[in-house]
Amino acid sequence: MHERGGAIVVQIKHGGRAAHPAINGGHEILAPSAIAIQGDAHAGAEKVPFAIPRAMTGDHLRTVVAEHVTAARRAVDAGLDGVEIHSANGYLLHQFLAPSSNHRSDGYGGIPVNRARFAAEVVEAVAAEIGGDRVGIRISPAHNIQDVFESDAADVLATYGALIDRVRPIGLAYLSIVHADPANGLVQELGSRFGGKVIVNTGFSSQTSREDAESLLQLPHIDAVVVGRALIANPDLVERWRVGHPENKPRPELFYAFNAEGYTDCPFMDR
Ligand SMILES: Cc1cc2nc3c(=O)[nH]c(=O)nc-3n(C[C@H](O)[C@H](O)[C@H](O)COP(=O)(O)O)c2cc1C
């Protein structure tokens, strides 16, 4: 990657209540509050009901911050260019941000600025360890995924606005926003308040195509577009898009399993 001028950023994620003892080595499931996701978790080819998580104590909060810092340090020491803090898609930091999954009565729950506090503290600690310019953050405001519901528009703006106001002085590498409509006022407001590089993705509804990406780049405050499934299926996607070569189709039936099939066995184009 580096020889070809690319940059590698690894995402650091704590699953919170979206994890399961069947896939995390039997560890306790932690979350802001003891509220389980309704439904089943993926455990390899099996599906198992989500566990009721333990509401995190102050010690848990400090440990999880330290774990993010350790993971970031390892990533940079291994030669990667930076890390992305996963605060989206219903995982732990998103569970703190949203009122449906965060019923805490301490300084990490309740009003928007409190719900934004834990994600901000993780970002600050990681930036202090490896430098803010090596850290990005991914959010998915009002994405309503994995039982993390954010249905009050004023509350969403207040919560994510508080997060962005707090991390803005760090000078992060980028803010990545998952939102069905990146032209929406919320995304534009958050992007403008952040003031740095903003990356968007519209989520799972339809696969991002080259045309979609190009039209998203016409919107204000948007510097880049995340591409997921097309890149999984096409190891040489950039070259295919450059020359207009047909793409391999992703095989979603193989996603979220434990082997290479559907991930790293996709053919390169004939040259
Ligand atoms: C198999 C698979 C795994 C994914 N894993 C992650 C992940 O670990 N972290 C994350 O933020 N998004 C993850 N995503 C979501 C993608 O980043 C992206 O938002 C989604 O695929 C929609 O973009 P697309 O239309 O380009 O595929 C994953 C998507 C797929 C298909």
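Hey, among the residues in the range 43-70 that are assigned to a loop (DSSP other than H, G, I, E, B) and within 22 Å of the chain's Cα centre (by Cα), which one's surrounded by the fewest Cβ atoms within 10 Å (Cβ to Cβ)?
GLY44
Do we find that PRO182 is within 16 Å of the ligand (Cβ to nearest atom) and part of a loop (DSSP other than H, G, I, E, B) in this structure?
Taking the combined requirement at face value, the residue satisfies it.
Only one of GLY82, GLY109 is within 16 Å of the ligand (Cβ to nearest atom), of a type in the set (Gly, Ala, Ser) and modelled with pLDDT of 95 or more; which?
Only one candidate qualifies: GLY82.
Only one of these conditions is not met by GLU189: (1) at pLDDT 95 or above; (2) part of a loop (DSSP other than H, G, I, E, B); (3) away from the ligand (no atom under 15 Å from the Cβ). Which number is it?
Status for GLU189: all satisfied but (2).
For the condition open to solvent by 40 Å² or more (accessible area, probe 1.4 Å), away from the ligand (no atom under 14 Å from the Cβ), out of contact with any Cys (no Cβ under 8 Å at 6 or more places or on another chain) and of a type in the set (Lys, Arg), what is the one hit in ARG242, ARG251?
Checking each option against the conditions leaves just ARG242.
Could you check the range 9-35 and list, in sequence order, the residues that are in contact with a strand residue (DSSP E or B) (Cβ under 8 Å, 6 or more places away or on another chain) and surrounded by fewer than 18 Cβ atoms within 10 Å (Cβ to Cβ)?
VAL9, VAL10, GLN11, ALA22, ILE23, GLU28, ALA34
Can you name the condition, by its number, that ARG134 falls short on among (1) within 23 Å of VAL69 (Cβ to Cβ); (2) more than 17 Å from the chain's Cα centre (by Cα); (3) open to solvent by 40 Å² or more (accessible area, probe 1.4 Å)?
Of everything listed in (1) within 23 Å of VAL69 (Cβ to Cβ); (2) more than 17 Å from the chain's Cα centre (by Cα); (3) open to solvent by 40 Å² or more (accessible area, probe 1.4 Å), ARG134 misses just condition (2).
Which residue, of LEU237, LEU216, is modelled with pLDDT of 95 or more, outside the structural domain of ALA142 (by TED's automatic domain parsing), open to solvent by less than 50 Å² (accessible area, probe 1.4 Å) and within 12 Å of the ligand (Cβ to nearest atom)? Full working, then the answer.
Working: LEU216 fails: outside the structural domain of ALA142 (by TED's automatic domain parsing).
Within the list LEU237, LEU216, the selection yields LEU237.
Looking at (1) within 26 Å of HIS103 (Cβ to Cβ); (2) without any contact (Cβ under 8 Å) to a residue 40 or more places away in the chain, which is the one condition that is false for HIS143?
(2)
Name the residues in the range 2-54 that are at positive phi and away from the ligand (no atom under 15 Å from the Cβ), would you?
Residues satisfying the conditions are GLY5, GLY25, GLY26, GLY39.
If you scan the range 195-207, which residues turn out to be under 17 Å from the mean Cα position of the chain (by Cα) and either closer than 19 Å to TYR174 by Cβ or not in a loop (DSSP other than H, G, I, E, B) (or both)?
If the condition is that a residue be under 17 Å from the mean Cα position of the chain (by Cα) and either closer than 19 Å to TYR174 by Cβ or not in a loop (DSSP other than H, G, I, E, B) (or both), then LYS197, VAL198, ILE199, VAL200, ASN201, THR202, GLY203 are the ones that fit.
So which helices (runs of 4 or more DSSP H) are wholly in the range 210-263 and hold at least 1 residues that are more than 26 Å from ASN184 (Cβ to Cβ) and within 21 Å of the chain's Cα centre (by Cα)?
The qualifying helices (runs of 4 or more DSSP H) are 229-233.
Check off (1) assigned to a loop (DSSP other than H, G, I, E, B); (2) open to solvent by 30 Å² or more (accessible area, probe 1.4 Å) for ASN89 and give me the number that stays unchecked.
Condition not satisfied by ASN89: (2).
Quick one: would you say THR202 is near the ligand (Cβ under 10 Å from one of its atoms), of a type in the set (Ser, Thr, Tyr), in contact (Cβ under 8 Å) with a residue 24 or more places away in the chain and surrounded by 16 or more Cβ atoms within 10 Å (Cβ to Cβ)? So that I can check it myself, show each step before the final result.
On the way: near the ligand (Cβ under 10 Å from one of its atoms): yes; of a type in the set (Ser, Thr, Tyr): yes; in contact (Cβ under 8 Å) with a residue 24 or more places away in the chain: yes; surrounded by 16 or more Cβ atoms within 10 Å (Cβ to Cβ): yes.
Against the criterion (near the ligand (Cβ under 10 Å from one of its atoms), of a type in the set (Ser, Thr, Tyr), in contact (Cβ under 8 Å) with a residue 24 or more places away in the chain and surrounded by 16 or more Cβ atoms within 10 Å (Cβ to Cβ)), THR202 qualifies.
How about the range 96-170: which helices (runs of 4 or more DSSP H) wholly inside it have at least 3 residues that are touching a strand residue (DSSP E or B) at 6+ places or on another chain (Cβ under 9 Å)? Step through it out loud before you land on a result.
On the way: elements: 112-115, 117-130, 153-167.
Ranges flagged: 117-130, 153-167.
The values are calculated or read from the model by the stated rules, or taken from the named source; none is laboratory data. The structure displayed is predicted, hence computed values, not measured ones. So basically every Cβ, Gly included, is an ideal-geometry build from the backbone, and we count neighbours across all protein chains shown. The accessibility values were calculated without ligands, DNA or RNA, using every heavy atom of the protein model including side chains. Shrake-Rupley method; radii C 1.70, N 1.55, O 1.52, S 1.80 Å.
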